[in-house]
Each structure stands twice: as structure tokens, then as C-alpha cells.
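Here is the structure we will look at, set down as C-alpha cells.
The values are calculated or read from the model by the stated rules, or taken from the named source; none is laboratory data. None of these values were measured; they are calculated from a predicted model. Because the Cβ atoms are built from the backbone with ideal geometry, glycine has one as well, and the counts that use them run over all protein chains shown. Ligands, DNA and RNA are excluded from the accessible area calculation, which covers all protein heavy atoms including side chains. Shrake-Rupley method; radii C 1.70, N 1.55, O 1.52, S 1.80 Å.
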Amino acid sequence: METSKSMKLERYNSYIRRVNSTKLLNASSKLLFRATLLVALILVFLFTFNYPPLADSTHRHLHAHSHFLSSAFGAWEKQLRHSSTPRRPNGLTVLVTGAAGFVGSHCSLALKRRGDGVLGLDNFNAYYDPSLKRARQAMLAKHQVFIVEGDLNDTPLLQKLFDVVAFTHILHLAAQAGVRYAMQNPQSYITANIAGFVNLLEVSKSANPQPAIVWASSSSVYGLNTQNPFSELHRTDQPASLYAATKKAGEEIAHTYNHIYGLSLTGLRFFTVYGPWGRPDMAYFFFTKDILQGKTIDVYQTQDGKQVARDFTYIDDIVKGCLGALDTAEKSTGSGGKKRGPAQLRIYNLGNTSPVPVGNLVSILENLLNTKAKRHVIKMPSNGDVPYTHANVSQAFRDFSYKPTTDLPSGLRKFVKWYVGYYGPQLRPKKESRLDN
């Protein structure tokens, strides 16, 4: 009996202990919860006191970013205006497309030196070594010519340039060059030489006032023509390459925009331009490189064994022709996309008028470099090249006194001197005196 009472008492005490333990646990939990809540509230208060609301912070960040962009954009516009402002009375304000290219860089420099305003545009593509284009850009920057990096097919960019600068003239030299490369990348010729040209004309036609446009066609448009020397009156409906076809298309497109919108347009058919800062894909350039490196060079002959000949034209003569065309270009007659009257439409050959066989070119280089070339004479492949070019420049002489004055030996001497200076002393010929005469 006594044992039974003891067991009941023990169970009751155990129950009381569990109840008390539960109450203590509940009380502790509530205390911990309240303490945690209090700490959280204190942290929120401190964070709010020390930091602004997220929305305000974001707003200030966006405002600062917007201010930075506005300042940067303002500085960019200032560069455009500074570069394009003429420094002589009645100076031209010229947009030069392809300004980091061979002909474009020389023309930009010549215009700037005589006091015209010049703004460049170039996409710095990798058709040939872009570092050469960057070097030309740096050279022009020293003469305060600014080049905008952009593409002709970027309509908003072109429109912005026209909004900031009232161009009186455009010297359109940007293009996908090279006859043979068209067999590897044909679409690039359509994009640059046709679509890009049309886009430039579209923006130009809507400008007020419309600029006068001088642009680079090519002697390649004569294609399979056999009449010599090549005259602007000869047929040009037999192109031998896609490059030539796109340039011929450009001439027809120019006629259309002249007829409908009153744009003043002058096309220039260049004949094998060479000289310092030239293009590495041209024969005279890579012949020089390969001769100095002791490599074999391919010298083409026609299928009937005759020498291939070119009307090599020195860069300074081409620049004189471009500036002459700009100076005699009449104003466009349209306004805001509407034609007000007949506008000037011209096409000219710019060549040297003295074709030289490619074999003779190699001999001149051998003499200047004091190194014998390893010639590999082969038949000309069917790659778009033509066997012979010869310019008749009588129309250019009549209209703006174009007269080439540099023969091939003199021009190549200047090119070789630039080449060995640009690419380093390790390429310098053994007898330097020949370059200094």
C-alpha cells in the first residue's frame, strides 16, 4: 500500500517538473523572439538612418551616369565641330569617308593643310592590317583631323553627323577594295559599295542644304574594253569582276539620285594608285615585302604571252585630282529630299597616262632595293584582273587642270623610302643612298 502511494507521488512530481520545464521553455522562446525582433528593428533603424532609400540611391546613380554620358557626348560633338571647321575664308567643310584608308588619309591631310574643315569616317575593317589604318589615324590626329569610327550602313550615326555638322561637300572614298578578294567574300562588296553608298545618298538627299558629292569609282569599270587609251566615252557594260560591277552599279545609282533628288555627283575612276602609306594588298607593296624577304613573286603574263601592264598613278597626283573635283563641284539643287532644278553629274578618269609592264615595275624595285627578285612568271588566272589599263585624262585636264607629274621610278623611290622607314631598319636595303637621291 505504501509502495503504491510512493509510485503515484513520483509520477505526480515528474508531471510537475515537465509542466514547469515547458513553461520555462515557452517563456525563454518568447523572450528570445522579442529580443530578436528588437535587434532587427534597431538594425533597420540604423540602416535607414545611415543610407538613403534605394530608389533615391538608384535615381542619383542614374542621374550621375546620365550626366557623364551627356558630358562625353558633348565632348564628342565638340570634336566633330572642331575638326570640320574651315580655317580659311570660304573653306570647304568636307566629310571624308574611308579617311583612314590610303587615298582617304592623303586627301584628308591635303584638305586640312590648305585650311578646309575635315571630318573623317571609317570602320577600320580587317581587309588588310588595321594597324596601318590606325597609324594613318594617328598621323591625321596630329593635324587635328578627327575620324569617327563607324559604318556607312549605320543610318542613325550618319544622321547625327549631318545634324552636328553642315557639310558643304562629301569625298566618298570608303569601299570594299580589291578585285580578287571578291571571289572569297562577295557579300562584303554589296554591303559596302552598293548598300553603303545608297545609305550615304539617302542621308545626303534629306540634308538641308544638300552637300556636293565627289566619290571614288574605278578604272575597273572598263572591264573587257579593248579600246585604248580608256576614255569616259567608252563602254563600261562588261565588268570582269564583282568589284568592277559594284563600281559600275555605283555610277548608275549616282545618276538616279542626281536625276530624282538634285544631288551634285562627280565620280572619279582611279587607275592603280600607289605610294607611301599604300595598301598592302597591291602588287608594288607585297612585291617590295617579298623581295626584301627573299620570297618568290608571281609575275603575270597574258594567255598569249604578253606582259601585263598598268597605268600606275602616284598618290599625290590622285590627291590633286580629288581636290580639283571638289573645287569645281557645283552645289546640289535639292532641299529636304526634293529636287529644285538640274544638278551637276560628272565622271572622270584619274590616271598617269603611261602604262608600265609589271615586269618593269619589278626591275625598278630591284634597283631601289639592291636585291634581285625571285620571279615566277605565270599565266594570269581568271580572277577578275584585266591585262592592260591606260587612262585618257583629257576631260579632267579640261575641267580642273588635272595633269599627272610623277613617273613610276620617282614614285616608287618615295614609296620604298617610306616602306623601309615605317617597317623598321631591319628591312633597309644595303645601299641607302639610292633612296635619298
At a 10 angstrom cut-off on C-beta neighbours, averaged per residue, how do the peptides 73-81, 266-274 rank from highest to lowest?
266-274, 73-81
Residue separation between T191 and N125 times 0.36 nm, minus their alpha-carbon distance, gives in nm 22.5 nm
Amide H neighbours of I347 at under 5 Å, excluding residues fewer than 5 places away on the same chain, with H built from the backbone geometry, are G267
Over the Cα atoms of the range 126-175 the radius of gyration and the largest Cα-Cα distance (Dmax), both in Å, equal 12.6, 33
Given a Förster distance of 22 Å, the FRET efficiency implied by the Cβ-Cβ spacing of Q184 and K142, rounded to the nearest 0.05, works out to 0.05
With Rh as the Kirkwood radius over Cα pairs, the range 143-221 has Rg/Rh of 1.00
Could you derive backbone 3J(HN,Hα) for the range 176-182 from the dihedral phi with the Karplus parameters 6.51, -1.76 and 1.60 (θ = phi - 60°), listing whole Hz in sequence and x where the residue is Gly or Pro?
8, 8, x, 6, 6, 4, 4
Rg/Rh for the range 240-379 to two decimals, with Rh computed the Kirkwood way over all alpha-carbon pairs.
1.12
Rounded to whole angstroms and listed largest first, the alpha-carbon spread of the range 233-312 along its three principal axes comes to 55, 35, 19
Residue list for the range 312-339, given a label point 7 angstrom along the Cα-to-Cβ vector of A166 and an amide N cut-off under 14 Å:
336
Sorted by average packing, counted as other Cβ atoms within 10 angstrom per residue and highest first, what order do 239-247, 300-308, 95-103, 333-341 take?
95-103, 239-247, 333-341, 300-308
Non-local amide H neighbours of V356 (under 5 Å, H modeled in plane, Pro and chain starts lacking H): which ones?
R310, D311, F312
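Figure the gain on full extension for L157 and R87 (residue separation times 0.36 nm, minus the Cα-Cα span) and round it to one decimal in nm.
Extending this stretch completely gives an extra 22.6 nm.
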Quote the accessible area belonging to H234 in square angstrom, nearest 10, computed with a 1.4 Å probe and with ligands, DNA and RNA left uncounted.
40
How far apart, in nm, are two points set 7 Å out from the Cα along the Cα-to-Cβ line at D237 and at E77?
5.0
Could you give the length gained on full extension between S206 and S401, defined as 0.36 nm per residue of separation minus the Cα-Cα distance, in nm?
67.0 nm
